[in-house]
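The values are calculated or read from the model by the stated rules, or taken from the named source; none is laboratory data. Computed from a predicted model, the values in this text were never measured in an experiment. Every residue, glycine as well, gets a Cβ built from its backbone with ideal geometry; the counts of neighbours run over all protein chains shown.
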């Protein structure tokens, strides 16, 4: 079995798989489209700095078609995201596990600790990822807003995030997001892009926003003490900067499932349950002292340092 990085000789295979891919990154698909994601294979060949990496797995001893996989990993990020596997019909072949292991090794060399994938539950892909070592750590559903953009007559309570909001956003994130999720998806960094909502000078909501030609992805973090949640979300949707009539997709994680009751009152379409899965590349361990320190009379330990006596010559 041979696994290699995509090059121009694999272009016919890429074209043949153009409409046969299974995608695992909802934000990219909904904002850029399914066709543009595989096209990143060409970018990964011509410009590796795009953080897109595409691999092809072939087995000369079998009659199965080559299996192609793509992953994205920005330099310095602790996690990478599985973009797609193609063709979908080859998921049950023996090539999937070696391909995923090769991807894990490559992004591990770049400093990634986790590989993420989003997939519908009760599917063959879900079962295959579990067999390959992926574990479910949170669920989500995606809500699509159908109404066209309209002009708001009132001033919005949502504001663009600024550097002054960073500490408050991180505090909100730590309050709402379970520890299991934070082990994989760390506190938002200084590259945050989105809107914040304050009530009585207290930050009660933050909405992370990602833009693409096909749509806008919004992931909200809303405190349970927020009042009139339906109105707040409607205000958010209608005041997203630079919307230009693009559809808006709201991602609601299972730890914020109570927000869905507010969305049911709005004109939306809801997608199926998705499992957000992770394959850990490294396990963090606490560093333990490798030597014992002598105790003082009061019971505290004292660090001692060896020394050498030096005689001066006259």
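Identify, from the list 245, 295, the residue that is touching a strand residue (DSSP E or B) at 6+ places or on another chain (Cβ under 6 Å) and at pLDDT below 95.
On the way: 245 fails: touching a strand residue (DSSP E or B) at 6+ places or on another chain (Cβ under 6 Å).
Among 245, 295, only 295 is touching a strand residue (DSSP E or B) at 6+ places or on another chain (Cβ under 6 Å) and at pLDDT below 95.
Which residue is modelled with the lowest pLDDT, if the candidates are limited to region 6-26 and must be touching a strand residue (DSSP E or B) at 6+ places or on another chain (Cβ under 6 Å) and more than 22 Å from residue 120 (Cβ to Cβ)?
Going through region 6-26, the residues touching a strand residue (DSSP E or B) at 6+ places or on another chain (Cβ under 6 Å) turn out to be 6, 10, 17, 20-26.
The next check asks that each one be more than 22 Å from residue 120 (Cβ to Cβ); those that pass are 6, 10.
Working: 6: 88, 10: 85.
It comes out as 10.
Condition check ((1) more than 16 Å from the chain's Cα centre (by Cα); (2) without any contact (Cβ under 8 Å) to a residue 40 or more places away in the chain; (3) within 18 Å of residue 146 (Cβ to Cβ); (4) in a helix (DSSP H, G or I)) across all residues:
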site: 192; (1), (2), (3), (4): no, yes, no, no
site: 198; (1), (2), (3), (4): yes, no, no, no
site: 224; (1), (2), (3), (4): yes, yes, no, no
site: 232; (1), (2), (3), (4): yes, no, no, yes
site: 256; (1), (2), (3), (4): yes, no, no, yes
site: 266; (1), (2), (3), (4): yes, no, yes, no
- request: Scan region 75-133 for residues that are outside any helix (DSSP H, G or I), over 20 Å from the mean Cα position of the chain (by Cα) and under 16 Å from residue 24 (Cα atoms) and jot them down.
  value: 86, 87, 91, 122, 123
query: Does residue 111 satisfy being at pLDDT below 90 and closer than 25 Å to residue 181 by Cβ?
result: no
message: Please count how many residues of region 162-190 are at pLDDT 95 or above and not in a helix (DSSP H, G or I).
response: 2
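Please find, within region 234-254, the residue that is farthest from residue 120 (Cα to Cα) out of those that are free of Cβ contacts under 8 Å to residues at least 60 places away in the same chain and part of a loop (DSSP other than H, G, I, E, B). Give the steps one after another, and end with the answer.
In the first step, residues of region 234-254 are kept if they are free of Cβ contacts under 8 Å to residues at least 60 places away in the same chain; the result is 234, 240, 242, 246.
Add one more test, that the residue is part of a loop (DSSP other than H, G, I, E, B), and what stays is 240, 242, 246.
Details: 240: 28, 242: 31, 246: 25 Å.
Residue satisfying both the conditions and the ranking: 242.
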query: Can you name the residue in region 27-38 that is closer than 20 Å to residue 89 by Cα and surrounded by fewer than 19 Cβ atoms within 10 Å (Cβ to Cβ) and is also modelled with the highest pLDDT among such residues?
result: 34
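Conditions tested, residue by residue: (1) under 18 Å from residue 206 (Cβ atoms); (2) in the same structural domain as residue 217 (by TED's automatic domain parsing); (3) surrounded by 18 or more Cβ atoms within 10 Å (Cβ to Cβ); (4) out of contact with any helix residue (DSSP H, G or I) (no Cβ under 9 Å at 6 or more places or on another chain).
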site	(1), (2), (3), (4)
233	yes, yes, yes, no
242	no, yes, no, yes
250	yes, yes, yes, no
255	yes, yes, no, no
258	yes, yes, no, no
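In the list 170, 141, which residue meets the criterion of being free of Cβ contacts under 8 Å to residues at least 40 places away in the same chain, surrounded by 14 or more Cβ atoms within 10 Å (Cβ to Cβ) and closer than 20 Å to residue 251 by Cα? Outline the logic, then answer.
On the way: 141 fails: free of Cβ contacts under 8 Å to residues at least 40 places away in the same chain.
The match here is 170.
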query: Tell me, which residue of region 39-60 that is in contact with a helix residue (DSSP H, G or I) (Cβ under 6 Å, 6 or more places away or on another chain) and closer than 25 Å to residue 210 by Cα is modelled with the lowest pLDDT?
result: 43
